[in-house]
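Okay, structure first, notes after.
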Amino acid sequence: MNRIERVSRRAFLGGIFSAGAMVLAARVLPVEALTGMAGDASNAAWHPSVYLGIETDGTVIIVAHRSEMGTGIRSVLPTVVAEELDADWKRVKVEQAIGDAKYGSQNTDGSCSIRDFYDAMREAGASARLMLERAAAAKWGVPATECKAQNHQVTHAASNRKLGYGELAKLASEQTVPKREELQFKSPSEYRYIGKDVPIVDLEDLCSGKGVFGIDAQMPGMVYASIERPPVLGGKLKSYDDKEALSVPGVRQTVVIEGFTPPHGFKPLGGVAVIADNTWAAMRGREKLKLEWEAGEHASYDSVAYKQQLMETVRKPQKVVRNIGDVDAEFAKGGKTHEAEYYVPHISHAPMEPPAAVVEFKDGKAMIYAATQNPQAVQDTVAAALGIDKKNVECHVTLLGGGFGRKSKPDYVAEAALLSKAASKPVKVTWTREDDIRFDYYHTVSAMYMKASLDDKGRPTAWLQRCAFPSLGSTFSPAARAASGGELGMGWTDVPFDIANHRAENGPAEHHVRIGWLRSVANIQHAFAVHSFVDELAHLAKRDPVEYLLDVLGSARKIEIQQRGRLAAKYPLETGRLRNVIELVAERSGWAKKKPAKGRALGIAAHRSFLAYVAAVVEVEVDSNGKIRIPRVDFAVDTGRVINPDRVKAQFEGAAVFGASIALMGEITAAKGEIEQSNFHDYPVARINEAPIETHVHLVESDAPPAGVGEPGVPPISPAICNAIFAATGKRIRELPIRKHKLV
């Protein structure tokens, strides 16, 4: 349930709105979840999430509470408000929110910003529109039903009178906030912005180099820091010699950052920081440090041995996490079976802008400018590191040069805060690319075992799947060894195939590096295994992979699966929508017309994640030297109602490149507990000559509630590429990355 309240300028932090402005706040948290509601933003139980203001000059100010990292979310959410308000987009100003609990969740993760705030944004805009109409009616002495707000003004058709929003702002602010049942939302036929390619508000700054990213943030009198961290997770500093470091011109001091006490969470890893007058001097000084480390318990971590350990785990029965029918009884009947094992290594986020933050700690308060996906996590983490109340931590959010989940983990901000306290000056911490690769929160390594019994048409009569991977839970609880239900619900316990006997299992796995969520999370490995395996079965049956996939998926139906609370009813798993995107992408890619030829073929995969339905067809060419080229990717996407088609298409175009990087070359390995990769020379990402040449995104028109956009394009890419490689070469890839395999 949402709620709209009028709030005072005094009650709103930050002084964004001027005196006389009409200010509304919309809350998305359930009323029953809060107590002591007093309708004031200063009340601790008041979590509005959305702020909307109309200035007396007619400027509409909308506060964006989510982080902008290339998705366009800082523009798209306000677009929904402007639509229902019927504002002139040219007169809308978007302000970035600082970290504050009153905004509800500010964590820009999980492809949920539109999904979670669409209704609240609509209600905020519709409430303000109705209040403006009522204000005009009161001024003119006519019924409010005769007044219509449209394109930044309210008109009374009978008398041909008009008043601008600015002229009505003060009077509208005195109106009673309407109840939800009084609101009349626009019909889709009336939309001016929703479903249209509205330019993002940051476009001019981004194109002209004026956009401020974390690496651009400045504070008067700030100094710069570069940090040498323990090479093994949990390692401790035994001794250090900083004499040569201090002799580097510009170096001011060195500071020891204590290692964390488990769980590591978002705490700094520890190490020795060199503080200097500029970044170059800090990095040069860091190179001169002489350090000795005590490696600790994770020094035995070796990727090759660990892979074998995981594979042995999934070859044996494990904990059942989903069960339909009787798999064992079906296997016991004998007949044709097929087995396969799949493996996905650790993957690094590798955003183009490495982590960066500048912090000033002064008089018991921390002022922060950071490239962060979650300013509230910054508040919590910095407050804990400094031993202060989080109300004394003010976090300003810059633009992010990529995030992919890495920048929701603010260890780098806590580092800057601790160093500011030690230096008594604002300190800027900028990670190098080597830091970014070697000290990431890595996407988990995963092993998967698949087995199916087949009827005379090659269709599965029983399907068994097992997985084992270090859980995200290890970030917050070192003892966590089993995957969470949320992780398993990402393409493992929610496989939508129509198979009478179907069992999914999960085995335990220890963690030895920091495990973190990365764009599309566990869907990466699960989609790779499931959709590679179903393609294997199609070829065994000598059937067309699209026809076979649709057969195994079965008829259009709704499947009951475990989902978080309200999502289960609002977003049921509908196989008809998945069938539709499979059929659409097959048609638009020319699947039936493009027959496999030596070295060139198409591959398909379809996956539901973050409540969106996506099918991908990838065209692959493999030359005589085994070099891979990707001429074309086609996506069919059903993500419910689309707010900004251009932004959705851009996200899927980016997902094609991101997914290709994972499939072709993404691999993090460890020896003696230390990460072996350090930069793009040994952890490459897809460059322009390796990325898909063309990406076509085909959007399904839908009135369904909005679903995820930023992440759902990634999971089907790896299996679609590998399936295409098999069709072109006969070489089946079951372990990523592809570059490890000889294709000819």
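Against the conditions (1) in the same structural domain as residue 420 (by TED's automatic domain parsing); (2) outside any strand (DSSP E or B); (3) touching a strand residue (DSSP E or B) at 6+ places or on another chain (Cβ under 8 Å); (4) of a type in the set (S, T, N, Q), residue 313 satisfies every one except (1). If you go through segment 373-393 and pick out every residue that is surrounded by fewer than 24 Cβ atoms within 10 Å (Cβ to Cβ), within 20 Å of the chain's Cα centre (by Cα) and among the hydrophobic types (A, V, I, L, M, F, W, C), you end up with 1.
Go through segment 95-114 and report how many residues are under 13 Å from the mean Cα position of the chain (by Cα) and of a type outside the set (Gly, Ala, Ser). So the count comes out to 6. Residue 238 falls short on exactly one of the conditions (1) touching a residue at least 60 places away in the same chain (Cβ under 8 Å); (2) closer than 30 Å to residue 264 by Cβ; (3) among the basic types (Lys, Arg), and that condition is (1).
For segment 68-100, the set of residues classified as closer than 23 Å to residue 404 by Cα, in a helix (DSSP H, G or I) and not β-branched (Val, Ile, Thr) consists of 74, 75, 77, 78, listed by residue number.
For segment 451-477, give me each residue that is crowded, with 24+ Cβ neighbours inside 10 Å and under 15 Å from residue 533 (Cβ atoms). Answer for segment 451-477, where residues must be crowded, with 24+ Cβ neighbours inside 10 Å and under 15 Å from residue 533 (Cβ atoms): 452, 460, 462, 463, 465, 466, 467. Against the test of being aliphatic (A, V, I, L, M), buried (at least 17 other Cβ atoms within 10 Å of the Cβ) and over 27 Å from residue 432 (Cβ atoms), the options 714, 685, 697 yield a single qualifying residue, 697.
From the list 227, 215, the lone residue that is of a type in the set (Val, Ile, Thr), crowded, with 20+ Cβ neighbours inside 10 Å and either out of contact with any strand residue (DSSP E or B) (no Cβ under 8 Å at 6 or more places or on another chain) or at pLDDT 95 or above (or both) is 227. Of the residues making up segment 586-604, not a single one is within 24 Å of residue 71 (Cα to Cα), at pLDDT 95 or above and either in the same structural domain as residue 532 (by TED's automatic domain parsing) or in a helix (DSSP H, G or I) (or both).
Just one of the numbered conditions (1) part of a loop (DSSP other than H, G, I, E, B); (2) under 26 Å from the mean Cα position of the chain (by Cα); (3) surrounded by fewer than 20 Cβ atoms within 10 Å (Cβ to Cβ) is not true of residue 486: (1). All but one of (1) part of a helix (DSSP H, G or I); (2) in contact with a Phe, Trp or Tyr (Cβ under 7 Å, 6 or more places away or on another chain) hold for residue 111; which doesn't? Of the numbered conditions (1) part of a helix (DSSP H, G or I); (2) in contact with a Phe, Trp or Tyr (Cβ under 7 Å, 6 or more places away or on another chain), the odd one out for residue 111 is (1). Answer yes or no as to whether residue 241 is loosely packed, with under 15 Cβ neighbours inside 10 Å and modelled with pLDDT of 95 or more. The answer is yes for residue 241. Take residue 663 and tell me if it is over 20 Å from residue 114 (Cβ atoms), small (Gly, Ala, Ser) and either in contact (Cβ under 8 Å) with a residue 12 or more places away in the chain or surrounded by 18 or more Cβ atoms within 10 Å (Cβ to Cβ) (or both). Yes; evaluated as a whole, the condition is true for this residue. Among the residues of segment 666-687, are any assigned to a helix (DSSP H, G or I), touching a strand residue (DSSP E or B) at 6+ places or on another chain (Cβ under 7 Å), among the aliphatic types (A, V, I, L, M) and modelled with pLDDT of 95 or more? No, every residue in segment 666-687 fails to be assigned to a helix (DSSP H, G or I), touching a strand residue (DSSP E or B) at 6+ places or on another chain (Cβ under 7 Å), among the aliphatic types (A, V, I, L, M) and modelled with pLDDT of 95 or more. Set side by side, the residues 519, 466 differ, and just one is within 26 Å of residue 112 (Cα to Cα), modelled with pLDDT of 95 or more and among the basic types (Lys, Arg), which is 519.
The values are calculated or read from the model by the stated rules, or taken from the named source; none is laboratory data. If you're wondering where the values come from, they're calculated on a predicted model, not measured in any experiment. Quick reminder, even Gly has a Cβ in these numbers, built from the backbone with ideal geometry, and neighbours come from all protein chains shown.
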